[in-house]
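Notes for the one structure printed next.
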Amino acid sequence: MSTDAVAYPPPAASPEPGPGSPRPRRRWLLAGVAAWAVLLLVVAYVSIRRDTPTVREQRDIVAAMPVLHRALGQLLAGAGPEPVVEISGPTVERGCRITPVRDGADLVGTIILRTAEADAPVLLDRIAARLPTEYRPRVRHNPTVGTHTLRADAGEFVAIYGDVTDPGVVELAAESGCRPIPDGADFAEPLIGLPVDAEPGRVLAALGVPIPSSTERSGGVPCPTGGTAHTARATARTAVPAPLGATLRPFAGPNATIITEEPDLYAYRTPTLSVVVTRTQTETHVSTTTPCP
């Protein structure tokens with residue numbers, strides 16, 4: 001057997017790519033993809049700068065404030081002068097997440113209305129009928145399960161909710177949803193004394209309990225016809241004897257309309273003020289609200 005090594009011919013050289021070879025086509029494909037990516041970035045930048053926002057997260061919480069204030073004013077005006085009113089907020093509630101790595105805040109304003117038990121569902125209907133048509137209000141009554149709801153859209157992604165939460169109690173809310181917080185945003189209300197600030201102390205004095213040194217006041221709700229509605233609150237760390245009406249009925253005066261009279265809850269209104277008083281075993285809470293004119 002021969003032990004001579006077998007000689008193999010050298011590998012053939014790769015031919016130079018011609019005009020129709022795959023390599024130039026791939027280079028053109030990569031260039032086209034890069035150009036398309038640049039075009040998308042340019043379109044996105046222009047859209048962010050000029051187009052109308054299409055989702056809530058594109059508008060920060062400051063942009064929602066005038067819309068939400070107007071919505072609260074429309075709700076308050078729609079309720080009319082008949083119910084007893086309490087206003088909470090608008091307040092900035094931090095802690096929500098726009099994305100897993102981006103914090104946001106929700107702007108929320110609440111109005112609580114007290115009326116006769118049978119009138120609460122009708123009150124929702126009346127408010128819906130008085131809201132601007134562009135809000136597209138919808139009221140649903142389900143007597144089977146006892147639910148009565150109002151839903152509306154105030155625009156700019158501000159939602160309106162209304163529910164009968166207890167017999168004779170309607171709770172309305174306007175919410176911005178979770179939104180970005182601009183750098184350096186300051187949400188503090190200017191501390192300007194108003195006549196309503198003294199009203200909770202007058203009620204507590206009539207009840208014979210010590211008057212606290214300060215009151216808490218809600219942000220103002222602008223009324224559609226002019227003026228601003230405010231709620232002032234005070235809490236005394238002293239309980240008063242029940243029933244509340246025994247003292248408050250003569251204090252409210254002959255022009256007062258009593259809406260709720262229970263041992264631990266008394267709510268009435270006059271032409272210029274809504275008053276709600278609640279008591280626990282250790283505290284007495286008073287809220288007073290100036291209505292829309």
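The values are calculated or read from the model by the stated rules, or taken from the named source; none is laboratory data. Note that the coordinates shown come from a computational prediction; the quantities given were computed from them, not determined experimentally. These accessible areas exclude ligands, DNA and RNA; they are computed on the full protein's heavy atoms, side chains included. Shrake-Rupley method; radii C 1.70, N 1.55, O 1.52, S 1.80 Å.
Across segment 211-218, computed HN-Hα scalar couplings (Karplus, 6.51 cos²θ - 1.76 cosθ + 1.60, θ = phi - 60°) run 8, x, 6, 8, 10, 9, 10, 6 Hz from first to last residue, x flagging Gly and Pro. Quantify how much of the Cα-Cα distance distribution of segment 121-167 extends past 18 Å, in percent. Percent of Cα pairs beyond 18 Å in segment 121-167: 27. If the chain linking A205 and E93 were pulled fully straight, counting 0.36 nm for each residue of separation and taking away their Cα-Cα distance, it would gain 37.0 nm.
Could you tell me the ratio Rg/Rh of segment 221-293? Both radii from Cα atoms, Rh via Kirkwood. On the Cα set of segment 221-293, Rg over Rh gives 1.03.
Legend: translational diffusion of segment 65-159 by Stokes-Einstein, Rh = Kirkwood radius over C-alpha pairs, 4 °C, 1.567 mPa s; D = 87 µm²/s.
Solvent exposure of E283, expressed as accessible area, is near 40 Å², computed with a probe of 1.4 Å over the protein chains only.
Fully extending the segment from A35 to N255 would add 71.6 nm, taking 0.36 nm per residue of separation and subtracting the current Cα-Cα distance.
Of the solvent-accessible surface of segment 94-209, computed with a 1.4 Å probe over protein heavy atoms with every protein chain present, carbon and sulfur atoms account for 52 percent. Stretching V101 away from A246 to a fully extended chain increases their span by 46.6 nm, per 0.36 nm per residue minus the current alpha-carbon distance.
Relative to the 2.2 N^0.38 Å rule of thumb, segment 175-274 has a C-alpha radius of gyration ratio of 1.35.
The distance from the alpha carbon centre of segment 220-240 to that of segment 79-113 is 16 Å, rounded to a whole number.
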